[in-house]
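The values are calculated or read from the model by the stated rules, or taken from the named source; none is laboratory data. Since the structure is predicted, the reported quantities are computational estimates derived from the model, not experimental observations. Positions of Cβ are generated from backbone atoms using ideal geometry, with glycine treated the same way; all protein chains shown enter the neighbour counts.
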Amino acid sequence: MLPVVLASDLDLWEEVIQAARMLEMPDLHRYVLSKLGEQKSSIKPNAVRFLNWATQYEAKSYKTLIFECFRILAYRRLPISQTNADTLGARITIQVMTARERVRSLFLVPESLEQYIIVHEFCPHRKTSSCRHIVIRAIVKNLMEVPSRSAAELDIFENLSSNNMCDFCGPTVMASIETLKKEKLDPEIWKCTGISGTMPEQT
């Protein structure tokens, strides 16, 4: 009987994963990591650990998990720390930092991103794009503000200010950025993973 793998016991399963690698037991490694990866809420606060584990074997076996970890770290407001770098190793750290840089460099020309912001169908400012301007400016503001360590998991899309947006777009500000992520930002991050093939769908 296969064991029940719970993310609440992450430290325990980390020892199992490391032992599986040392003893060359890829099936055990794959089973434990796949079960942990199914518990989505555990990935974001432990993205560095998951990425380290997922890149210990053939990357294609874990491409969805690897991509999700890259996305989390690329969008995270706090920079990659020395501790993170020590865990990931030089190659993966460089790839993650490149992904972060690519995402941020796109906002140097914010006007080019406005077409990916989906405003409400009843927005009275659709022609002037003022609500789109506000969303992009709010993301740029988050990019420039470094949160405290107590908010280490915050990403650049969280706590977006909807001030001065119309009454229709304001309540849907988070939904409005999904196209931006899926069609513009995520593909840039995927390129940095070094994995060939089609970019996995993210839920």
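Kindly check whether there is at least one residue in the range 148-169 that is aliphatic (A, V, I, L, M), surrounded by 19 or more Cβ atoms within 10 Å (Cβ to Cβ) and assigned to a helix (DSSP H, G or I).
Checked against the condition, which is being aliphatic (A, V, I, L, M), surrounded by 19 or more Cβ atoms within 10 Å (Cβ to Cβ) and assigned to a helix (DSSP H, G or I), the range 148-169 yields no hits at all.
Report yes if some residue within the range 83-93 is closer than 15 Å to Ile189 by Cβ and touching a residue at least 40 places away in the same chain (Cβ under 8 Å); otherwise report no.
yes
Can you find a residue in the range 88-102 that is acidic (Asp, Glu) and surrounded by fewer than 17 Cβ atoms within 10 Å (Cβ to Cβ)?
Scanning the range 88-102 turns up at least one residue that is acidic (Asp, Glu) and surrounded by fewer than 17 Cβ atoms within 10 Å (Cβ to Cβ).
Scan the range 71-80 and tell me whether some residue there is under 26 Å from Lys191 (Cβ atoms), among the small types (Gly, Ala, Ser), out of contact with any Leu (no Cβ under 6 Å at 6 or more places or on another chain) and surrounded by 17 or more Cβ atoms within 10 Å (Cβ to Cβ).
yes
Please enumerate the residues belonging to the range 127-146 that are part of a loop (DSSP other than H, G, I, E, B) and surrounded by 16 or more Cβ atoms within 10 Å (Cβ to Cβ).
The answer is Ser129, and nothing else.
Do you know which residues across the range 45-63 are surrounded by fewer than 17 Cβ atoms within 10 Å (Cβ to Cβ) and under 25 Å from Ile139 (Cβ atoms)?
Residue satisfying the conditions is Pro45 alone.
Working carefully through the options Leu88, Leu113, Leu143, find the one that is over 27 Å from Ser196 (Cα atoms) and among the aliphatic types (A, V, I, L, M).
Leu143
Hey, any hits in the range 107-120 for a residue that's in contact with a Lys or Arg (Cβ under 6 Å, 6 or more places away or on another chain), touching a residue at least 60 places away in the same chain (Cβ under 8 Å), surrounded by 13 or more Cβ atoms within 10 Å (Cβ to Cβ) and of a type in the set (Ser, Thr, Tyr)?
Yes, there is a match, as at least one residue in the range 107-120 is in contact with a Lys or Arg (Cβ under 6 Å, 6 or more places away or on another chain), touching a residue at least 60 places away in the same chain (Cβ under 8 Å), surrounded by 13 or more Cβ atoms within 10 Å (Cβ to Cβ) and of a type in the set (Ser, Thr, Tyr).
May I ask you to verify whether Tyr75 is out of contact with any helix residue (DSSP H, G or I) (no Cβ under 6 Å at 6 or more places or on another chain), closer than 23 Å to Ile139 by Cα and either aromatic (Phe, Trp, Tyr) or modelled with pLDDT under 95 (or both)?
yes
Among residues belonging to the range 172-203 that are in contact (Cβ under 8 Å) with a residue 40 or more places away in the chain and among the aliphatic types (A, V, I, L, M), point out the one that is surrounded by the fewest Cβ atoms within 10 Å (Cβ to Cβ).
Result: Ala175.
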